[in-house]
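Enquirer: Sharing a structure with you now.
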Amino acid sequence: MNLLMQDQKLVKNIQFHDCNNSLAEIIKKHEPLFIKVCQRYAGVFEQLNIDFNDIIEERYFVIYRAIKNYNFKKKMKISTWIGNYARYHCLNSINNKKRNSPRIENYLSHNEVSIHSDYKHVLNYTLNVLSKLEDKRAFDIFKLRYGTDKKLTWTQIGEKMKLSSQTCLNIHNKNIRHLKNLTKDKDLAVLCDA
């Protein structure tokens, strides 16, 4: 019996009979692949302060879920299937961390004023930094977006600036990146102490 057929037999035992011995064999065989895939994201995990060991600790569950959802009709190798699940697990962890991390835009949003009582300080600091840039449009875009009582849409800002909304958004995003580079931890909290 070749390896692919042996793996498929183990998967069927897990899917249809919840066979623990088959699961243990699949995990033992494919655990190194899971770890290897996760190691590709180690640098990103470190940047986002995601504990690599936490990701690895979930390997049994991820492999089990991959096997339970394996689709024989796709005619994919089990190792490829598990590798994809490992990759999705890493990417989902990264995306969840990014989604839950504070963003500069949050500090500059009127919706966050009650949470960030230093809104005006952050806005003033931001506008001060932007006023020193060569491209003065950034200052105007941020002032229109965050410095008014009513947050203007990108279309409204584009009309006022006589630019396309996409150009305004691109200038905004470029300068958000510039501001993030000023703060190593990607958080404007440090600026509030300045």
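The values are calculated or read from the model by the stated rules, or taken from the named source; none is laboratory data. Everything numeric here is computed off the predicted structure, so don't read it as measured data. Reconstructed Cβ throughout: ideal geometry from the backbone, glycine too, with neighbour counts over all protein chains shown. In case anyone asks, the SASA skips ligands and DNA or RNA and just uses the protein heavy atoms, side chains included. Shrake-Rupley method; radii C 1.70, N 1.55, O 1.52, S 1.80 Å.
Enquirer: Hey, can you find the accessible area per residue of the range 119-182 for me, probe 1.4 Å, expressed in square angstrom?
Expert: Per-residue value: 60 Å².
Enquirer: Accessible area per residue for the range 1-54 in Å², computed with a 1.4 Å probe and the full protein assembly in place, what is it?
Expert: Ligands and nucleic acids excluded, the result is 68 Å² per residue.
Enquirer: Would you tally the net charge around Lys68, using a Cβ to Cβ cut-off of less than 14 Å, leaving Lys68 out, and scoring K and R as +1, D and E as -1?
Expert: Once positives and negatives cancel, what remains is +1.
Enquirer: Hey, another quick one. Ignoring ligands, DNA and RNA, what percent of the accessible area of the range 53-97 is carbon or sulfur (1.4 Å)?
Expert: On the way: 1240 of 2620 Å².
C and S atoms contribute 47 percent here.
Enquirer: If each residue of separation counts as 0.36 nm, what is the full-extension length gain between Asn96 and Asp51 once their alpha-carbon separation is subtracted?
Expert: On the way: separation 45, 0.36 × 45 = 16.20 nm, distance 1.34 nm.
Computed gain between Asn96 and Asp51 is 14.9 nm.
Enquirer: What does the charge add up to near Ile56, with Lys and Arg as +1, Asp and Glu as -1, over the other residues with Cβ less than 12 Å from its Cβ?
Expert: Net local charge, Ile56 excluded: -3.
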